[in-house]
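Here the structure is laid out as structure tokens; the discussion comes afterwards.
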Amino acid sequence: MTQTIKDAEKNHWVYRMPESWQPYLQLARYDRPIGYWLLALPGWIALAFASLSFPLNKWTDLKWAALILIGAIAMRGAGCTYNDIVDRDLDARVERTALRPIPAGTISLKQAWIWLGVQCFIGLMVLLCLPRLAQIISLCAIPLVAAYPFMKRITWWPQVWLGLTFNWAALVAYAAKMRELNSDIGLLYAGLIFWTIGYDTIYACQDIEDDAFVGIKSTARRFGKHVKLGVGASYGIFAIIIIYLTFNASEIYITPSEWYIMPAWVLPLFLLPFLIHLFWQTVQLDAKNNESSLKLFKSNWLAAIFLIGGIICLQLKTRSAYIPEFTPPKIETLTPM
């Protein structure tokens, strides 16, 4: 019988599927959906930010959002499968990961490679639905994904590499909507990397002792007794970048001939739920409490929803209170007598 992995959701639909399917679904981490949400949500955040420069297009933006989610589910599963293939010996020596399908022997190495190919094919189908620039950017993520499993062996900062990888959807989504990349999306991407450093450090707090035993490096171990300060600083940098980008978008696009300039002091109010959530995570963090660390890590999907909701509300506010461009009165032409 397939066993529930330690940090998985025990009542998840994966464990109601046929037993022969369960190791494959576990390998793709479908029983831990927070992973694919944290992969997809940066793309949704980028779409929301793009809407501050270019108006929301309900159906087109929904199409990009759906493709980003499907691609995130497929490629997160592929990435985790590849990660487990590479880390199979290390996983067998860590309590939290020892029951993963490959070290537990519920799936063979050959079966894992085949399953990896299936998931990559689904990702390819999503790729073909994207504009050319977004396709090129998507393909550029492959070296990041391939190198990530080795980062924990060679650097104390594997969370930085994870941030580079996990937030790539922001670049893809922005390119799909805007057909370009610019400094704003570059800065947003940098901010998202710091967000990832923060939440994945919280996640790594669960494994500090096991990681030390087998020689795995992480920011949780690097920060040591200052882990709360490290997480707070990472979240703080992300918050500053988000606030700056919001101020930078104080001149909001409405239509080709209409703009609304919102008072600068109003803009951060739309971000308050998001900012408060990051602060709450930092205050609540207890590196010695594994259960609390896991809950705080998983709560980051809500932080992202707060951020997306704040940006959308900001745009809706501008639509209801814009200053229209001055239109000169019509001059009637006199007809000759």
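Go through K225/K298; K225/K288; K58/K177 and tell me which ones have a Cα-Cα distance over 18 Å in this structure. Spell out each step's value before the answer.
Details: K225/K298 22 Å; K225/K288 10 Å; K58/K177 12 Å.
With Cα atoms farther than 18 Å apart: K225/K298.
Put a dot 7 Å past each Cα toward the Cβ at I240 and M125; how far apart are the dots in nm?
Result: 4.5 nm between the two label points.
Would you mind calculating the gained length between I276 and S183 on full extension (0.36 nm times residue separation, minus the Cα-Cα distance), in nm to one decimal?
Roughly 30.8 nm would be gained on extension.
Quick one: if you stick a label point 7 Å off each Cα along the C-beta vector at V214 and K110, how many nm between them?
2.6 nm
Using the Karplus curve 6.51 cos²θ - 1.76 cosθ + 1.60 with θ = phi - 60°, what ³J(HN,Hα) values do you get for each residue of the range 284-295, in whole Hz, with x for Gly and Pro?
Listing the rounded values in order: 7, 4, 10, 4, 8, 9, 5, 5, 5, 4, 5, 5 Hz.
For the residues D84, D210, D89, D61, what sequence is obtained by ranking on other C-beta atoms within 10 Å, fewest first?
With the sparsest Cβ surroundings first, the list reads D89, D210, D61, D84.
Using the Karplus equation 6.51 cos²θ - 1.76 cosθ + 1.60 (θ = phi - 60°), what ³J(HN,Hα) coupling, rounded to whole Hz, does each residue of the range 22-32 give in order, writing x for Gly and Pro?
4, x, 5, 5, 5, 4, 7, 6, 5, 7, 10
Within 10 Å of each residue's Cβ, count the other Cβ atoms and sort Y148, Y24, Y174 from fewest upward. Can you show the working numbers first?
Working: Y148 19, Y24 22, Y174 30.
By the 10 Å Cβ count, ascending, the order reads Y148, Y24, Y174.
A short reminder: the numbers here are calculations on the coordinates, not readings from a lab. Small disclaimer: the values here were computed from a predicted structure and weren't measured. Virtual Cβ from ideal backbone geometry, glycine too; neighbours counted across all protein chains shown.
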